Amino acid sequence: MRILCVEDEPQALSQLSLSLESFCKELHLAKDGQEALDILENNTVDVIVTDLRMPHVDGLELLEIAKKKYPDITVILVSAHSESEYLLKAIRLRADGYILKPLNLQELFSLIIRSAGSKILENELSDKNLLLKVLKTIGGKRVQIIEYIFNHLDKERNFVGTYDEIIEALGASKPTVVNTFKVLIDDGILVRVKNGYYKLQRDLLN
């Protein structure tokens, strides 16, 4: 998972970093909500673990903005306070978890896995199911072409590459490569944005 950790106390942020860095694929650190929003603009993040009370943009504001802009993101709030007003507002803003300080790391890890892990796993399984459905209808060299496309998707599920690159990598003929892309586009699996740039239809991954 790709985790963004937001904490305005340097020592607490350092401790969280040490605990989470071996637990995730990527770890981003921010000292307040505004810095966290800047990171979100330029990076794909699966989970936000954020302190509640911070300067500039606090945890509830970060939660509200993040959920509006990135509906699938998981947001877990960490707070030294258990006041019902914060908890109720966090629920209304669709927080995925609320943990009190001092942190129980096992509890935090379990919550991350329960809330974010299921979403990520669902997407991965959907990708594989989609690929299997396609492979049942196409055989031979086209299978290798489709596997090449899926293996070279970027973080946003886009494929950037040319026919010539695939021909050189796989030793396929140009008509076969062109026809394979045509099948994927006609079936609504790929959308051609421009030459060498294709978007995988995410709403089909279910």
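The values are calculated or read from the model by the stated rules, or taken from the named source; none is laboratory data. Everything quoted here is computed from the prediction, not taken from an experiment. Ideal geometry is used to build each Cβ from the backbone, glycine not excepted, and the neighbour counts take in all protein chains shown.
Brief remarks on what is shown
- Test result for ILE149, assigned by TED's automatic domain parsing to the domain that holds TYR198 and either under 18 Å from LEU190 (Cα atoms) or at pLDDT 70 or above (or both): yes
- Residue in the range 168-182 that is of a type outside the set (Ser, Thr, Tyr) and within 24 Å of TYR70 (Cα to Cα) present: no
- The range 1-33, residues that are surrounded by fewer than 18 Cβ atoms within 10 Å (Cβ to Cβ), part of a helix (DSSP H, G or I) and not hydroxyl-bearing (Ser, Thr, Tyr): PRO10, GLN11, ALA12, LEU13, GLN15, LEU18
- Selected residue (criterion: modelled with the highest pLDDT) from residues of the range 171-206 that are within 17 Å of GLN144 (Cβ to Cβ) and touching a Ser or Thr at 6+ places or on another chain (Cβ under 9 Å): ALA172
- Taking the range 49-84 as the range and being assigned to a helix (DSSP H, G or I) and either within 21 Å of CYS24 (Cα to Cα) or modelled with pLDDT of 85 or more (or both) as the test, the residues that pass are GLY59, LEU60, GLU61, LEU62, LEU63, GLU64, ILE65, ALA66, LYS67, LYS68, LYS69.
- Residues in the range 85-98 that are closer than 15 Å to ARG53 by Cα and more than 22 Å from the chain's Cα centre (by Cα) were compared, and the one that is modelled with the lowest pLDDT is GLU85.
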